[in-house]
Amino acid sequence: MPLPVGFTKHPADLLRVGPEFSLAKQPTNASPGFSGKKADGAAALTARAPVLAELQEKLFAQSRFGGTKSVLLILQAMDTAGKGGIVGHVVGSVDPQGIKLTTFKAPTDKEKAHHFLWRIRPGAPEPGIFGVFDRSHYEDVLIHRVHEWADENELERRYTAINKFEEKLAAAGTTVVKVMLNISPAEQLERLTARLGDPTKYWKYSPTDLDERKFWPEYMDAYQRVFEKTSTENAPWYVVPADKKWYARLAVQEILIQAFEGLKLEWPVGDYDLDKERARLKDAVI
């Protein structure tokens with residue numbers, strides 16, 4: 001399969017979490033595998049958008065004729081890392097009727113009364129659907145580790161439950177793509193500062209962002225544990241440098257395109273006699 005234009009190596013190969021992965025060693029301000037600059041990346045994003053859109057339409061069309069495949073993109077990141085930009089600029093380039101976006105906020109009292117995956121399962125995409133989790137079940141092992149809301153035994157049970165949940169998704173025909181947008185503390189501070197300097201972005205700011213920022217080392221350790229425990233063959237993690245928004249969007253787009261292409265999608269033929277229907281059209285003039 002040829003490399004995308006501008007890439008010397010596919011980002012899915014460069015950014016996938018492997019056995020010896022160390023989050024501490026990963027750059028946040030790089031553009032691995034891409035030889036161009038910001039303008040080149042923006043042009044590539046625009047050029048490749050129709051490719052992703054066509055693949056998603058094929059997926060949706062196949063489900064209308066018995067297809068069972070679906071795709072789920074799971075986005076995790078520290079605040080301001082650009083999850084919204086991925087949703088808007090990458091996912092937003094495809095037909096919205098085939099999208100299922102689920103945003104997970106802090107659980108309600110009702111949700112807390114159930115198993116942590118209880119509120120997650122309904123968000124899984126049906127056949128033909130491109131699902132997106134903006135935050136996810138991983139909050140239940142990230143923030144809970146950082147703030148010690150769950151002990152080590154409980155966290156181990158949750159890692160196991162997550163792997164089983166994602167194994168079942170894969171077995172049912174869902175391709176699971178998990179992306180952590182890796183932003184630096186310095187870049188986050190710049191983005192938080194920008195939000196308080198722009199009235200149109202006040203709504204994006206939350207005082208809790210600064211509170212959680214104090215636990216940055218603990219969050220990085222929690223993410224490292226997540227990668228070690230839950231990056232599997234059926235549901236791999238990709239860690240994407242996110243200081244450059246343009247690169248993060250382009251890399252995620254290419255990772256998704258590769259995932260869709262791996263499904264070997266074809267346009268459905270239909271369950272009708274093509275010649276007969278063409279002949280009927282000749283008499284359909286009103």
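The values are calculated or read from the model by the stated rules, or taken from the named source; none is laboratory data. All of these numbers come straight from a predicted model, not from anything done at the bench. Note that each Cβ is placed from the backbone with ideal geometry, even for glycine, and that neighbours are counted across all protein chains shown. Accessible surface is based on the protein model in full, side chains and every heavy atom, while ligands, DNA and RNA are left aside. Shrake-Rupley method; radii C 1.70, N 1.55, O 1.52, S 1.80 Å.
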## Note on the structure
Ala186 and Asn234 label points (each 7 Å along its Cα→Cβ direction) are spaced in nm at 4.2 nm
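Only Lys, Arg, Asp and Glu count, each charged at its Cβ (+1, +1, -1, -1), so figure out the dipole size of the chain about its Cα centre, rounded to 20 debye.
I would put it at about 480 debye.
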### Summary
Expressed in nanometres to one decimal, the distance between label points 7 Å along Cα→Cβ at Glu277 and Leu101 is 3.2 nm
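Over the chain, average the accessible area per residue using a 1.4 Å probe and give it in Å², no decimals.
Working: 14970 Å² over 286 residues.
That works out to 52 Å² per residue.
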### Task
Quick one: of Lys38/Lys244; Lys38/Lys214; Lys83/Lys178; Lys105/Lys178; Lys38/Lys245, which pairs are farther than 20 Å apart, Cα to Cα?
Lys38/Lys214
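Heavy atoms only, probe 1.4 Å: what % of the accessible area of the stretch 1-46 goes to carbon and sulfur, would you let me know? Present the calculation step by step, with values, prior to reporting the outcome.
Numbers: 1630 of 2910 Å².
In the stretch 1-46, the share of accessible area belonging to carbon and sulfur is 56 percent.
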### Summary
Ordering 125-134, 151-160 by per-residue average of other C-beta atoms within 10 angstrom, highest first, gives 125-134, 151-160
#### Entry: Accessible area in the full protein assembly, largest first, 1.4 Å probe, for Ser35, Ser63, Ser70
Ser35, Ser63, Ser70
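At R0 = 22 Å, how high is the FRET efficiency between Ala24 and Leu196 if r is their beta carbon distance? Nearest 0.05 is fine. Spell out each step's value before the answer.
Details: r = 29 Å, r/R0 = 1.34.
With a Förster radius of 22 Å, E is 0.15.
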### Query
What residue among Ala47, Ala81, Ala251 shows peak mean-square fluctuation when the chain is described by a Gaussian network model with Cα springs under 10 Å?
Ala47
### Task
Would you work out which of Thr80, Val179, Ala49 lies farthest towards the positive end of the dipole of the chain? Charges go on Cβ: Lys and Arg +1, Asp and Glu -1.
Ala49
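For the stretch 161-286, what does the relative contact order come out to in percent, with C-alpha contacts under 8 Å and a separation of six or more? Display every interim value, and only then the final one.
Numbers: 73 pairs, mean separation 45.8, N = 126.
For the stretch 161-286, the relative contact order is 36 percent.
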### Task
May I ask you to give the percent of accessible area on the stretch 55-201 that is carbon plus sulfur, with a probe radius of 1.4 Å?
53 percent
### Summary
Candidates for Cα Rg over 2.2 N^0.38 Å are (1) 1.01; (2) 1.23; (3) 1.09, and the calculated one carries label (3)
### Query
Rounded, prolate or oblate: which fits the stretch 137-269 when a ≥ b ≥ c are the square roots of the eigenvalues of the alpha-carbon gyration tensor, with rounded for a/c under 1.5 and prolate only if a/b beats b/c?
oblate
### Summary
Reduced to Cα centres, the span from the stretch 1-27 to the stretch 90-121 in Å works out to 28 Å
### Summary
Rounded to the nearest 10 Å², the accessible area of Trp237 using a 1.4 Å probe with every protein chain kept is 0 Å²
### Query
Which value, in Å² and to the nearest 10, is the accessible area of Lys276 when all protein chains are kept and the probe is 1.4 Å?
120 Å²
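At 0.36 nm per residue, minus the direct Cα-Cα distance, what do Glu111 and Thr68 gain on full extension? Give it in nm, one decimal, please. All intermediate terms of the calculation are to be shown ahead of the outcome.
Numbers: separation 43, 0.36 × 43 = 15.48 nm, distance 2.91 nm.
Taking Glu111 through Thr68 to full extension adds about 12.6 nm, to one decimal.
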### Summary
In terms of the alpha carbon gyration tensor, root eigenvalues a ≥ b ≥ c, rounded if a/c is under 1.5 and otherwise prolate when a/b exceeds b/c or oblate, the stretch 55-124 is oblate
### Task
Could you order Val285, Val179 by accessible surface area, starting with the largest, using a probe radius of 1.4 Å?
Val285, Val179
### Solvent exposure, largest accessible area first (probe 1.4 Å, DNA, RNA and ligands not counted), of His137, His114, His147
His114, His147, His137
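Relative to the Cα centre, what is the charge dipole magnitude of the stretch 24-153, using +1 at the beta carbon of each Lys and Arg, -1 at the beta carbon of each Asp and Glu, and rounding to the nearest 20 debye?
I would put it at about 300 debye.
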### Task
Just name one of Ser206, Leu274, Gln26: the one whose Cα is farthest towards the positive end of the charge dipole of the chain (beta-carbon charges, Lys/Arg +1, Asp/Glu -1).
Leu274
### Summary
Measuring from its Cα centre, the stretch 10-49 shows a charge dipole (+1 at each Lys and Arg Cβ, -1 at each Asp and Glu Cβ) which, in debye to the nearest 20, is 140 debye
### Task
Please build a GNM for the chain, connecting alpha carbons under 10 Å apart, and tell me which residue among Ser184, Ser31, Ser22 fluctuates the most.
Ser22
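Which whole-number percentage describes the relative contact order of the chain, with Cα contacts under 8 Å and a sequence gap of 6 or more? Before the final figure, lay out each step's value.
Working: 402 pairs, mean separation 92.3, N = 286.
Relative contact order for the chain comes out at 32 percent.
How much net charge surrounds Leu45 when only the other residues with a Cβ under 14 Å from the Cβ of Leu45 are counted, with Lys and Arg +1 and Asp and Glu -1? Intermediate results must be reported in sequence, preceding the final value.
Values: positive: Lys37, Lys38, Arg48, Lys244, Lys245, Arg249; negative: Asp40, Glu254.
Neighbourhood net charge equals +4.
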### Message
Greater than 18 Å separation of Cα atoms is the criterion. Which listed pairs, Lys110/Lys168; Lys58/Lys164; Lys69/Lys264, meet it?
### Response
Lys110/Lys168; Lys58/Lys164
